[in-house]
Each structure stands twice: as structure tokens, then as C-alpha cells.
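Student: The structure that follows is given in the form of C-alpha cells.
The values are calculated or read from the model by the stated rules, or taken from the named source; none is laboratory data. Only a predicted model underlies this, so the values are computations on that prediction, with no experimental measurement involved. Cβ placement follows ideal geometry from the backbone for every residue including glycine, while neighbour counts extend to all protein chains displayed. Areas reflect the complete protein model, heavy atoms only, side chains present, ligands, DNA and RNA absent. Shrake-Rupley method; radii C 1.70, N 1.55, O 1.52, S 1.80 Å.
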Amino acid sequence: MPRLQAVIFDLDGTLIDSATDITAAVNKLLDKYDRPPITVEQIRVMVGDGAPVLLRRVFEATGTSLDPDRAPAIYADFLEFYEKEPASPDSIFPGVPETLDLLLTRGLKLGLCTNKPERVTREVLVHLDLGRFFGSVAGGDTLPVRKPDGGHVTWIMDRLGVTDGAAVMVGDNHNDVAAARGAGIPVVAVSYGYPHIPTVEMGADAIIDHFAELPAVLDGLAAR
């Protein structure tokens with residue numbers, strides 16, 4: 001690959017364990033619409049494809065399907081509940097701030113590409129003091145496309161000024177791998193996130209079990 005210029009990260013399941021916060025917001029939404037609550041374990045296998053898909057899955061799991069005519073209002077209610085659900089500093093996976101700091105000291109640019117709504121994403125980044133690391137952020141509703149579309153990633157690369165595909169994607173989900181492939185860049189998968197299929201079957205160029213392993217893996221990819 002060309003000399004590495006940037007690393008682009010997924011958020012949920014890669015940098016933070018947000019399942020508990022999402023579950024709390026979802027259950028407030030379900031209570032408003034007279035639905036039974038859902039568990040953290042159920043949420044873990046539903047996230048990763050954006051809030052509209054998550055809500056559709058949640059409603060299917062708790063009764064009748066989501067009425068398309070009511071979906072915009074329900075989506076707005078979810079965002080309101082989620083924004084009021086403070087992200088816990090304990091949700092940051094071990095080694096994340098230190099490793100991001102190290103990558104910046106190496107002169108790399110960092111971007112964030114998530115299917116979480118942009119408004120909520122920015123709230124979470126501010127609350128957890130992670131926003132300072134990223135030169136560009138794209139949520140699931142920032143563009144007309146989102147992961148697994150490679151355009152979601154290439155938009156970040158363009159904003160960061162990356163040339164010749166000299167970036168690496170880091171994520172936990174098959175959507176991250178597909179988006180990286182669509183953007184023509186390598187991808188590192190974390191083994192501890194919210195995969196919908198076994199991590200070893202996602203086709204990533206490398207897999208890490210701890211976030212602090214990332215710099216060494218990036219060195220290995222650059223040496224290929």
C-alpha cells in the first residue's frame with residue numbers, strides 16, 4: 001500500500017462499548033410506545049447498520065413491525081432519548097485514547113466513519129473527550145450513502161486530504177470491511193465488537209484483540 005497517511009475508525013464496538021447506553025434509550029422509546037423492554041444482549045446483535053435499521057429490528061422484536069408512516073416521528077423520539085442518555089467514560093475500550101494519541105504523534109490523520117446518526121455521534125464524542133482526535137467525522141445520516149457503501153469512507157478520506165488510497169479502516173463489523181473494500185483501502189477488524197458474523201469470516205486484512213495492538217499491525221500492513 002502507499003505510505004500510510006490516515007486511519008479511519010468505526011465508533012460503536014470499535015472505540016466504545018455503547019450497547020448499554022443504546023439499550024437504555026431504546027427502552028425509553030419502547031415504553032413510550034407501549035412495547036416491552038429489550039436486553040443489552042439483543043441490542044448487541046442489532047446495531048451496526050444505522051439507527052433506522054436498528055429501530056426496525058427493535059420493533060419487530062417487540063411486537064408488530066414499525067409503521068413506515070410513523071417511522072420519522074419514532075426516529076426523532078429515539079434521537080431525543082439517546083441525546084439525554086449520557087455516555088459513560090467506562091464505555092471507552094481499554095487503550096483507545098492512548099493509542100489514538102500515539103497515532104497522532106506519528107503524524108497520521110484520524111477520521112471517524114460511523115452509521116450512528118451524526119448529531120448523536122458528536123454529542124458522544126464531546127462527552128467522552130474523543131472528538132479532539134478526529135479531523136473529520138461522518139455519521140450515518142451525513143451523506144446520501146453510509147457503510148457498507150465505500151463512498152462513506154472516501155468522503156472522509158477526501159476531507160482529510162488523503163491521496164492514493166493511503167488510509168486504513170478499523171472496525172468491528174462486516175459493514176466496515178465492505179466499505180473499506182469499496183474505498184480501495186485495507187481494513188483491520190477488532191475481535192471484541194458487535195460482529196454479525198464471526199470476525200475471522202469478515203475478510204479483514206488483520207484482526208486485533210486489543211486496541212493497543214493497532215500501531216504494530218499498521219506497521220505490518222505498511223510493510224507489505
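Student: Let me confirm something: among V124, V45, V96, which residue is within 23 Å of N175 (Cα to Cα), in contact (Cβ under 8 Å) with a residue 40 or more places away in the chain and surrounded by fewer than 19 Cβ atoms within 10 Å (Cβ to Cβ)?
Tutor: Numbers: V124 fails: surrounded by fewer than 19 Cβ atoms within 10 Å (Cβ to Cβ); V96 fails: surrounded by fewer than 19 Cβ atoms within 10 Å (Cβ to Cβ).
Testing whether each residue is within 23 Å of N175 (Cα to Cα), in contact (Cβ under 8 Å) with a residue 40 or more places away in the chain and surrounded by fewer than 19 Cβ atoms within 10 Å (Cβ to Cβ) leaves just V45.
Student: Here's a follow-up. When V26 is evaluated against the numbered criteria (1) of a type in the set (V, I, T); (2) over 29 Å from D205 (Cα atoms); (3) surrounded by fewer than 19 Cβ atoms within 10 Å (Cβ to Cβ); (4) touching a Phe, Trp or Tyr at 6+ places or on another chain (Cβ under 9 Å), which criterion, by number, is the only one it fails?
Tutor: Unmet for V26, out of (1) of a type in the set (V, I, T); (2) over 29 Å from D205 (Cα atoms); (3) surrounded by fewer than 19 Cβ atoms within 10 Å (Cβ to Cβ); (4) touching a Phe, Trp or Tyr at 6+ places or on another chain (Cβ under 9 Å): (3).
Student: Inspect segment 205-214 for any residue being closer than 21 Å to L125 by Cβ, of a type outside the set (A, V, I, L, M), open to solvent by 20 Å² or more (accessible area, probe 1.4 Å) and in a loop (DSSP other than H, G, I, E, B) and give the result as yes or no.
Tutor: No: segment 205-214 contains no residue that is closer than 21 Å to L125 by Cβ, of a type outside the set (A, V, I, L, M), open to solvent by 20 Å² or more (accessible area, probe 1.4 Å) and in a loop (DSSP other than H, G, I, E, B).
Student: Oh, and also: Mind telling me which of the residues L108, L102 ends up being on the phi < 0 side of the Ramachandran plot, open to solvent by 10 Å² or more (accessible area, probe 1.4 Å) and out of contact with any strand residue (DSSP E or B) (no Cβ under 8 Å at 6 or more places or on another chain)?
Tutor: Exactly one residue qualifies, and that residue is L102.
Student: Here's another thing I want to ask about it. List, please: which pairs have Cβ atoms under 7 Å, are six or more places apart or on different chains, and start with a residue in segment 55-77 that is over 19 Å from A19 (Cα atoms) and end with one that is outside any helix (DSSP H, G or I)?
Tutor: G63/R35; I74/L66
Student: Go through segment 151-161 and give me each residue that's open to solvent by 10 Å² or more (accessible area, probe 1.4 Å) and not acidic (D, E).
Tutor: Once the filter is applied, which keeps residues that are open to solvent by 10 Å² or more (accessible area, probe 1.4 Å) and not acidic (D, E), segment 151-161 yields G151, T154, W155, M157, R159, L160, G161.
Student: Another question, then. Restricting attention to segment 43-68, report how many residues are β-branched (V, I, T) and either part of a helix (DSSP H, G or I) or at pLDDT 90 or above (or both).
Tutor: Qualifying residue count, segment 43-68: 4.
Student: A further question on this structure: Criterion first (touching a His at 6+ places or on another chain (Cβ under 8 Å) and open to solvent by 30 Å² or more (accessible area, probe 1.4 Å)) does H196 satisfy it?
Tutor: When the stated conditions are applied, H196 passes them.
Student: For segment 127-150, name all the residues that are open to solvent by less than 30 Å² (accessible area, probe 1.4 Å) and within 13 Å of the chain's Cα centre (by Cα).
Tutor: V137, A138, G139, G140, K147, listed by residue number.
Student: What residue, of A87, A71, is modelled with pLDDT under 95 and surrounded by fewer than 19 Cβ atoms within 10 Å (Cβ to Cβ)?
Tutor: On the way: A87 fails: surrounded by fewer than 19 Cβ atoms within 10 Å (Cβ to Cβ).
When all the criteria are applied, what remains is A71.
Student: I'd like the full set of residues that are open to solvent by 20 Å² or more (accessible area, probe 1.4 Å), modelled with pLDDT of 90 or more and among the hydrophobic types (A, V, I, L, M, F, W, C), limited to segment 1-23.
Tutor: L4
Student: Mind listing whichever residues of segment 182-224 are charged (D, E, K, R) and closer than 23 Å to I43 by Cβ?
Tutor: E201, D209, listed by residue number.
Student: Name the residue that is nearest to the chain's Cα centre (by Cα), counting only residues in segment 171-199 that are assigned to a strand (DSSP E or B) and of a type in the set (G, A, S).
Tutor: Across segment 171-199, the extreme among qualifying residues is G171.
Student: Take the conditions within 20 Å of the chain's Cα centre (by Cα) and at pLDDT below 90 and apply them to Y82. Does it pass?
Tutor: So Y82 fits the description; yes.
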